[in-house]
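Trainee: What follows is a structure written as structure tokens; I'll ask about it next.
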Amino acid sequence: MGMTMTQKILAAHAGLDTVTSGQLINARLDIVLGNDITTPVAVNEFKKAGFDKVFDKDKIAIVLDHFVPNKDIKAAEQSKTCREFACSHCVSHFYDVGKMGIEHALLPEQGIVTAGDCIIGADSHTCTYGALGAFSTGVGSTDMAAGMATGMAWFKVPSAIKFELKGSLPKNCSGKDVILTIIGMIGVDGALYKSMEFTGEGVASLSMDDRLCICNMAIEAGAKNGIFPVDEKTVAYMTGRCERPPVVYSADEDAEYEKIIEIELSNIVPTVSCPHLPENTKPASELSNIKIDQVVIGSCTNGRMEDMEVAYNILNGKKVADGVRCIIIPATMQIMRECVERGYVTAFIDAGAVVSTPTCGPCLGGYMGILAAGEKCVATTNRNFVGRMGHVESEVYLASPATAAASALTGFITEYKED
């Protein structure tokens, strides 16, 4: 029996000819990632285990993005721990204030991850990098500590679900609408510890930002990872960017999948995930009676340049509705700079929005947009659990940048329709 794309990457990194689902392997790592919340815990475990050096200073990435610039004393102490560890071990990929960004937008942008990699990160949305044809998955801080010291990690080889994408998306839809639709179909445990492998002729119609968004939310379906094949768009994105030569893997024709699900992209509609689970999806058009208090456009899911462009095209020359707080967060400093150079930041401010330095802040209820009791927010983030963005009696509606920006203008959840 042949192997899936994920299984081929894992076999290569385990030094094996073949692997099968359920098999336990010890695999070599290309990148070990942590942030300002998870790295301090990993550093403590690293020291507790008696390690005194990292396996490769060039294969560790530490990104301060959750509470940076530091929101309080605890956040400052956490960041200090990261800074001291990165300095003492000469960690090459250390990103602090002024050059940081939201980790899962920053690593692909900076070429730190590439096709064929095996990557772990002490953050559940590490699965984002499957968009480049890599195996990437979230782990706990203890696994991060072990990975930093040894360059290895244990895995149980996942089985896979194939998502056969057909056609192309309508103009008012994006990758966010695709993944929300899929999660609505299969549920938050529909791909539990499985690889979500996206294939088919419809892949070619999706931009790299669409693919990064889709893989980012594979974890919201319970998946071990999400992954796309490497095609011309992937190669164009990686060319001149990546530190290491890409290694391209493709699934065997006789690869075994638990199931195959066909997705007709032309049937996708603007979709919203209602409180309090990502699987609770409805068409945006059915939610126009829901009044909102806040809009957040950003995060590791939808803070990339295409997302900023969508927000600009909708908000430019218009005004955010009275009573709505619109917060826009470019995901990296490079994206922030481009927004400034293109005039987007001025347009956002003129529309009545605020623009933040890159941060995860509001997504996890940290800072820069906490909700009070009874408040409702449309967010381009990835989770809407009880209390995710603030008070346990607040509500988060997950949506695409187009739906979020259109909603900011009306004060109600609004399906964006091109003029």
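Trainee: For the subset of region 59-93 comprising residues that are closer than 8 Å to ASP36 by Cβ and not hydrophobic (A, V, I, L, M, F, W, C), which member is most open to solvent (accessible area, probe 1.4 Å)?
Mentor: Within region 59-93, the match that is most open to solvent (accessible area, probe 1.4 Å) is GLN78.
Trainee: Among the hydrophobic types (A, V, I, L, M, F, W, C) and either open to solvent by 40 Å² or more (accessible area, probe 1.4 Å) or under 18 Å from the mean Cα position of the chain (by Cα) (or both): which single residue out of MET148, MET152, MET144 fits that description?
Mentor: MET152
Trainee: I would also like to ask the following. Count, please, the residues in region 94-115 that happen to be surrounded by fewer than 22 Cβ atoms within 10 Å (Cβ to Cβ) and either modelled with pLDDT of 95 or more or within 14 Å of CYS360 (Cα to Cα) (or both).
Mentor: Count: 6.
Trainee: Let me ask another. Do you know which of the residues in region 59-95 that are in a helix (DSSP H, G or I) and touching a residue at least 40 places away in the same chain (Cβ under 8 Å) is farthest from GLY369 (Cα to Cα)?
Mentor: Per the criteria, the residue is LYS59.
Trainee: Still on this structure: Right, ALA223: of a type outside the set (Val, Ile, Thr), within 17 Å of the chain's Cα centre (by Cα) and either surrounded by fewer than 20 Cβ atoms within 10 Å (Cβ to Cβ) or assigned to a loop (DSSP other than H, G, I, E, B) (or both) or not? Spell out the reasoning first.
Mentor: Values: of a type outside the set (Val, Ile, Thr): yes; within 17 Å of the chain's Cα centre (by Cα): yes; either surrounded by fewer than 20 Cβ atoms within 10 Å (Cβ to Cβ) or assigned to a loop (DSSP other than H, G, I, E, B) (or both): yes.
In short, yes.
Trainee: I've got another one for you. Just to be sure before I move on: is ARG337 farther than 22 Å from HIS104 by Cβ and of a type in the set (D, E, K, R) in the structure I sent?
Mentor: Numbers: farther than 22 Å from HIS104 by Cβ: no; of a type in the set (D, E, K, R): yes.
No, not satisfied.
Trainee: Ok, one more. Just name the residue that is nearest to THR181 (Cα to Cα) out of those in region 267-294 that are in contact with a strand residue (DSSP E or B) (Cβ under 9 Å, 6 or more places away or on another chain) and among the small types (Gly, Ala, Ser).
Mentor: Per the stated criteria, the residue is SER273.
Trainee: Let me ask something additional. Keeping to region 321-341, report how many residues are under 26 Å from the mean Cα position of the chain (by Cα), farther than 21 Å from CYS300 by Cα and open to solvent by 90 Å² or more (accessible area, probe 1.4 Å).
Mentor: 1
Trainee: Looking only at region 283-320, count how many residues are surrounded by fewer than 19 Cβ atoms within 10 Å (Cβ to Cβ) and either in contact with a Gly (Cβ under 8 Å, 6 or more places away or on another chain) or within 28 Å of PRO108 (Cβ to Cβ) (or both). Explain how you work it out, then say what you get.
Mentor: Residues of region 283-320 that are surrounded by fewer than 19 Cβ atoms within 10 Å (Cβ to Cβ), as a first pass: 283, 285-286, 288-291, 293, 306, 309, 313, 316-319.
Subsequent filtering for residues that are either in contact with a Gly (Cβ under 8 Å, 6 or more places away or on another chain) or within 28 Å of PRO108 (Cβ to Cβ) (or both) retains 291, 293, 306, 309, 313, 316, 319.
So the count comes out to 7.
Trainee: Might you check whether a residue that is of a type outside the set (Phe, Trp, Tyr) and more than 30 Å from GLY365 (Cβ to Cβ) occurs anywhere in region 62-81?
Mentor: No.
Trainee: Further question on the same structure: Where the second residue is open to solvent by 70 Å² or more (accessible area, probe 1.4 Å) and the first is at pLDDT below 95 and lies in region 308-337, which pairs have Cβ atoms under 6 Å and are six or more apart or on separate chains?
Mentor: Here the result reads none, with nothing in region 308-337 linked to a residue that is open to solvent by 70 Å² or more (accessible area, probe 1.4 Å).
The values are calculated or read from the model by the stated rules, or taken from the named source; none is laboratory data. Here the structure is a predicted model, which is why all the values come from computation and not from measurement. Neighbour counts run over all protein chains shown; Cβ positions are idealised from the backbone, glycine included. Accessible surface areas use protein heavy atoms only, side chains included; no ligands, DNA or RNA. Shrake-Rupley method; radii C 1.70, N 1.55, O 1.52, S 1.80 Å.
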